[in-house]
1. From Cα pairs below 8 angstrom and at least 6 apart in sequence, can you work out the relative contact order of the stretch 3-151, rounded to a whole percent?
2. With 27 Å as the cut-off, how large is the P(r) tail for the chain, expressed as percent of Cα-Cα pairs?
3. Treat each spin label as a single point 7 Å out from the Cα along the C-beta direction, and report the Val47 to Asp88 distance in nm.
4. Search the structure for amide H atoms under 5 Å from the amide H of Val5, placed 1.01 Å from N in the peptide plane, and list their residues when 5 or more places away or on another chain.
5. Calculate for the chain the 222 nm mean residue ellipticity that helices alone would give, adding -39,500 (n - 2.57) per DSSP H run of length 4 or more and normalising by residue count, nearest 500 deg cm²/dmol.
6. At R0 = 22 Å, how high is the FRET efficiency between Arg138 and Leu71 if r is their beta carbon distance? Nearest 0.05 is fine.
7. Using +1 at the Cβ of each Lys and Arg and -1 at the Cβ of each Asp and Glu in the chain, identify which of Val142, Leu6, Val47 lies farthest towards the dipole's positive end.
8. Where nothing but the Cβ of Lys and Arg (+1) and of Asp and Glu (-1) is charged, how large is the charge dipole of the chain around its Cα centre, in debye to the nearest 20?
Amino acid sequence: MAVGVLGGAFDPPHNGHVALAKAAVDRFGLERLLVTVVVDPGHKRVVAPAATRLELARLAFADVPRAEVELEPHARTVDALEARALSDPIFLLGADELADLPGWKEPDRVLELARLGVATRPGYPRERLQSVLAGLSRPDRVLIFELEPLPISSSDLRARAARGESLAGLVPTAVAERISQLRLYAAD
């Protein structure tokens with residue numbers, strides 16, 4: 001069974017995350033997509049509590065076929081993959097995140113535990129990818145696919161919400177409505 005894993009803080013989840021999930025399900029024929037909301041990501045500060053981010057992620061990925069959304073207690077990818085003990089999953093990430101892979105905790109072990117499904121935008125410099133791949137122990141475990149870019153970031157969305165701006169078209173409608181109801185990210 002082909003299983004994909006899409007992990008993140010999802011503070012908040014946005015249309016770029018959803019597009020990546022849908023593209024990966026199609027591209028890799030995933031029979032299951034595990035979306036993991038990291039409770040306490042060690043590499044970035046989160047604003048919303050984990051339970052709220054879980055609720056938003058469940059709303060965001062509700063229309064993604066075969067998606068299951070769960071909390072992830074492990075801050076590091078290698079620890080999460082070891083704990084889940086999935087059979088050769090495809091861990092999904094963007095090309096910019098792949099560039100950071102050498103700085104991850106035990107990147108070689110990550111490549112033993114999972115293949116990486118790396119989404120690149122059309123025109124992304126292949127030489128940047130090649131230089132990262134050349135430094136990996138198992139570049140054969142990296143699967144690259146193209147995805148039309150959606151220029152959205154969670155930090156920009158939080159700033160927009162703090163200014164009282166609409167998030168319509170940037171996050172799924174149910175997510176925008178829930179953020180508004182909760183006054184999440186609103187300036188105090």
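Only the coordinates and a few stated rules stand behind these numbers; no lab work does. The structure displayed is predicted, hence computed values, not measured ones. Neighbour counts run over all protein chains shown; Cβ positions are idealised from the backbone, glycine included.
1. The value is 24 percent.
2. Of all Cα-Cα pairs in the chain, 26 percent lie more than 27 Å apart.
3. It works out to 4.2 nm between the two label points.
4. Sorted by chain and number, the residues that satisfy this are Leu34, Ile90, Phe91, Leu92.
5. Calculated mean residue ellipticity at 222 nm is -11000 deg cm²/dmol.
6. 0.15
7. Result: Val47, furthest along the dipole toward the positive end.
8. It comes to approximately 220 debye.
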